[in-house]
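Student: Below: one structure in structure tokens.
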Amino acid sequence: MTTFSDRLALARKVGVEEFSRAHPDAVLLIEAGLPASQEGALDTERVTPEETARRAAQPPISTEPRIEPLRKRSGSNAFMSMVTIGRATNNDVVLDARGISKFHAYVLREPGGGFTLVDAGSSYGTHVNDRPVKPREEKVPLRGGETVTIGSVRATFHLPATLYAALRRLGAPPPRI
């Protein structure tokens, strides 16, 4: 697994072509703070002692953004045409956080190479650039750089070139005076 810091370091060293060859997947750049299972359960959720122990055993909450490649995980689920996103561990992208449905949303790779995002009928909603996505009805095109909110999780959708540009902006050395 390549971390945010690893990709940031690579973006500082190489050009966009080499970066894109090394990391060809579209990604969600998730804001710092996950895994958020330690934030506690939703007010309406009952937490068993086993779940409390599982959450306590989770790694500490990250202080850096997380990069989640939008690709199928081997053996994750039967939905081969989509990259699934949700709280359940059989999703391709697992977001163990408050306000995330078990199967929240999915990303489709379109025949022309583009991507679309669909809300799978989640309880907590999905937004693209702060606009709600109509559950199960609407396919929202993603081109790179869009803000995607999945329940309580904010992320940015990136293609390799837009991720490279974002990392370069974040990791640019300070100007010389």
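The values are calculated or read from the model by the stated rules, or taken from the named source; none is laboratory data. Keep in mind the model is a prediction, meaning the values are calculated, not measured. Glycine also receives a Cβ, built like all others from the backbone with ideal geometry; neighbour counts cover every protein chain displayed. Surface areas here come from the heavy atoms of the whole protein model, side chains and all, with no ligands, DNA or RNA. Shrake-Rupley method; radii C 1.70, N 1.55, O 1.52, S 1.80 Å.
Student: What part of the accessible area of the stretch 81-154, given as a whole %, is carbon or sulfur when the probe is 1.4 angstrom? If you can, show how the numbers build up before the last one.
Tutor: Values: 1670 of 3490 Å².
On the stretch 81-154, the fraction of accessible area on carbon and sulfur atoms equals 48 percent.
Student: Could you check the simple spin-label distance between R169 and N129, using points 7 Å along Cα→Cβ, in nm with one decimal?
Tutor: For R169 paired with N129, the spin-label model returns 1.4 nm.
Student: Taking a cut-off of 19 Å between Cα atoms, list the lysines near K134, but don't count ones fewer than 8 places away on the same chain.
Tutor: K134 reaches K102.
Student: Here's something else I'd like to know. Starting from the 7 Å offset along Cα-to-Cβ, what nm value, one decimal, do you get for the label separation of E18 and N90?
Tutor: Going from the E18 label point to the N90 one covers 4.3 nm.
Student: Output the relative contact order of the stretch 78-148, whole-number percent, from Cα pairs under 8 angstrom with separation of 6+ residues.
Tutor: Normalised by residue count, the contact order of the stretch 78-148 is 23 percent.
Student: Would you pull out the residues with amide H under 5 Å of S152's amide H, same chain only if 5 or more places away, H placed 1.01 Å from N?
Tutor: Counting only residues 5 or more places away or on other chains, the set is I100.
Student: Each label point is 7 Å from the Cα along the Cα-to-Cβ direction; what then is the distance between the points at S5 and K139, in nm?
Tutor: Output for this residue pair reads 4.0 nm.
Student: Using the per-residue mean of other Cβ atoms lying within 10 Å as a proxy for protection, in what order, highest first, do the peptides 107-116, 92-101 fall?
Tutor: Values: 107-116: 13.1, 92-101: 21.4.
For the peptides 107-116, 92-101, the packing ranking is 92-101, 107-116.
Student: Please compute the per residue accessible area over the stretch 69-135 with all protein chains in place, 1.4 Å probe, rounded to a whole number of Å². Intermediate values should be presented prior to the final figure.
Tutor: Working: 3300 Å² over 67 residues.
Per-residue accessible area for the stretch 69-135 comes out at 49 Å².
Student: I would also like to ask the following. Tell me, what ³J(HN,Hα) does each residue in the stretch 108-118 have, in order and in whole Hz, if you take phi through Karplus 6.51 cos²θ - 1.76 cosθ + 1.60 with θ = phi - 60° and put x for Gly and Pro?
Tutor: Residue by residue, the stretch 108-118 yields 10, 8, 7, x, x, x, x, 10, 9, 10, 10 Hz.
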